[in-house]
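The values are calculated or read from the model by the stated rules, or taken from the named source; none is laboratory data. Since we're looking at a predicted model, the values are computed, not measured. Counting neighbours? That spans all protein chains shown, and the Cβs are built from the backbone with ideal geometry, glycine included.
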Amino acid sequence: MKNISVLGSTGSIGTQTLDVVRANGDIHICALAAGSNIKLLEQQIREFHPSVVCVWKEEKAKELASNVADCSVRIVSGMEGLIEAATVEQAEIVVTAVVGMIGIRPTIAAIEAGKDIALANKETLVTAGHIIMPLAKQKNRKIFPVDSEHSAIFQSLNGENRKQIDKILLTASGGPFRGRKKSELVHVRVEDALKHPNWSMGKKITIDSSTMVNKGLEVIEAKWLFDVDVDQIQVVIQPQSVIHSMVQFVDGAIIAQLGTPDMKLPIQYALYYPQRRFLAGDRLDFAAMRQITFEDPDMETFQGLKLAYEAGKKGGSVPTVLNAANEKAVSLFLDHKISYLQIAEIIESSMNAIPVIDQPSVEEILQTERATYEFIESRWMA
C-alpha cells in the first residue's frame, strides 16, 4: 500500500489523481487540500478517509468541519494547514496540484519532511527552482513531473546519461488560436480562449495555453527539472498532441514519448515509478491518424512565450514577475476587465518595472509577487 497526500484535490489534476487511486486500489490517501470547494471535498473525505484535510479559507474550513463531524478527520486551514497536509507523517509522496505560488512553501516543507514530490504545480520551480532542486538533492528526494510534457521528457531519459542531452524538444498543441496573427486576436472573448482543441483543464491553465505563456513556464520548469540551459530547450508545435515531448542527444538520436492526450498517464507514472500499470483508455491508432505534423511557434503573435524565454535567461526574480503578472492578467481577463492581448502587455510592462533580485529567498520571491500585483493594480485597476 502506497501512502500519498494530494494538495489541490478538487482541481483538474487532483480529481484525476483520485481517479487513478480508484482504478488501482492500492493507494491510501493520507491528506487532502483544496481552496474552497467543500462540497466536493466532503465527498472525497467520505470516500477516501484522509486523516488531515486543509481548506484554504478558514470560514470554509469551519463549515466543512461541521459537515463532516461524524468522520474521523482533522480539518485545518491556511498556509499552516497546507503545510500540515504536505508533511503528514504517513505520506510517502505528495502530489502538489495547487495553483500558483502558494505551492512553494508546502513543497519545501514536504521535501524537508522526507517526502517525494509528484509535481503538478509548475509555479514552484518557475519561481523557486534555485531553492527546490538543490534541497531535493540534499535531502535525497525525488521530484516526479506530472505535466504531460515533462513526464514525456522524464520517460525519454530513462536509462540515459543526462549529461549527454543536446536539447529538449518541448511540444505544444498551439492552443485554440494556432495559425492566427495578432490582428486576428484583438477581439478574442473569454469563451473563445477557453476552447482548447485537445486537453480538458482548469480555466487559468487553459487561458495560459491559448497565450502560450503556459509553454513558456514549462520551458523554465524544464530548465530546473533536467538541469539544462534555456537555450537547450526548443518549443515545437505538434497540433495533434500525440508526441508529448522529445529529447535529442549529442549523437543526434531523438527519443520521444507518444500517447493519447490523457493526464492520468503522467499522474499514474509519477505515483508508481519505475513501475508501469495498466491504464484504461484509448490507444493510438497510427493507421487512423495518418500523419503527425510540426510547426515553429509564432513568438511575435504569442509574445508570452518570447517573454518567458527572456525571463528564463535572466533568472533571479524575473520568472517570478512573469508568473505573478500572468496570474493577475489572466484573472483580469477572465473577469472581463482587460482584453486578451493586454495579458502579454501587462507581463512585459511588469518585467520592465519590477527590480531584479539575483538569488531571491522564499520571502523575497513572495515580496516580488506582491510588488508585481501592486504595480498592475496601480496601472490597470485604478
Residues being under 27 Å from the mean Cα position of the chain (by Cα) and of a type outside the set (A, V, I, L, M): count how many of those fall in the range 61-100. 11
Exactly one condition in (1) within 25 Å of residue 175 (Cα to Cα); (2) among the small types (Gly, Ala, Ser); (3) touching an Asp or Glu at 6+ places or on another chain (Cβ under 7 Å) is not met by residue 311; state its number. (3)
Scanning the range 1-24 for residues that are outside any helix (DSSP H, G or I) and modelled with pLDDT under 95, the one nearest to the chain's Cα centre (by Cα) turns out to be 11
Looking only at residues that are under 10 Å from the mean Cα position of the chain (by Cα) and in contact (Cβ under 8 Å) with a residue 40 or more places away in the chain in the range 120-134, which one is surrounded by the most Cβ atoms within 10 Å (Cβ to Cβ)? 120
Kindly establish whether residue 81 is touching a strand residue (DSSP E or B) at 6+ places or on another chain (Cβ under 7 Å), in contact (Cβ under 8 Å) with a residue 40 or more places away in the chain and farther than 26 Å from residue 268 by Cβ. yes
Could you list, in sequence order, all residues of the range 1-20 that are more than 22 Å from residue 106 (Cα to Cα) and in contact with a strand residue (DSSP E or B) (Cβ under 6 Å, 6 or more places away or on another chain)? 1
If residue 338 satisfies all but one of (1) assigned to a helix (DSSP H, G or I); (2) farther than 25 Å from residue 224 by Cβ; (3) out of contact with any Ser or Thr (no Cβ under 7 Å at 6 or more places or on another chain), what's the number of the condition it fails? (1)
With the structure loaded, tell me whether residue 168 is in the same structural domain as residue 240 (by TED's automatic domain parsing), hydrophobic (A, V, I, L, M, F, W, C) and part of a helix (DSSP H, G or I) or whether it fails that test. no
Does residue 163 satisfy the condition of being under 21 Å from residue 257 (Cα atoms), among the charged types (D, E, K, R) and part of a strand (DSSP E or B)? no
In contact with a Gly (Cβ under 7 Å, 6 or more places away or on another chain) and in contact (Cβ under 8 Å) with a residue 12 or more places away in the chain: does that describe residue 107? no
Residues 350, 331: which one is in a helix (DSSP H, G or I), over 19 Å from the mean Cα position of the chain (by Cα) and of a type in the set (Ser, Thr, Tyr)? 350
Could you list, in sequence order, the residues of the range 171-188 that are in a loop (DSSP other than H, G, I, E, B) and of a type outside the set (D, E, K, R)? 173, 174, 175, 176, 177, 179, 186, 187, 188
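Per-residue answers, yes or no, for (1) free of Cβ contacts under 8 Å to residues at least 60 places away in the same chain; (2) among the acidic types (Asp, Glu); (3) under 21 Å from residue 99 (Cβ atoms):
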site	(1), (2), (3)
324	no, no, yes
330	no, no, yes
335	yes, yes, yes
353	yes, no, no
356	yes, no, no
359	no, no, no
364	yes, yes, no
Any idea which of (1) surrounded by 24 or more Cβ atoms within 10 Å (Cβ to Cβ); (2) in contact with a Ser or Thr (Cβ under 8 Å, 6 or more places away or on another chain) is the one residue 113 doesn't satisfy? (1)
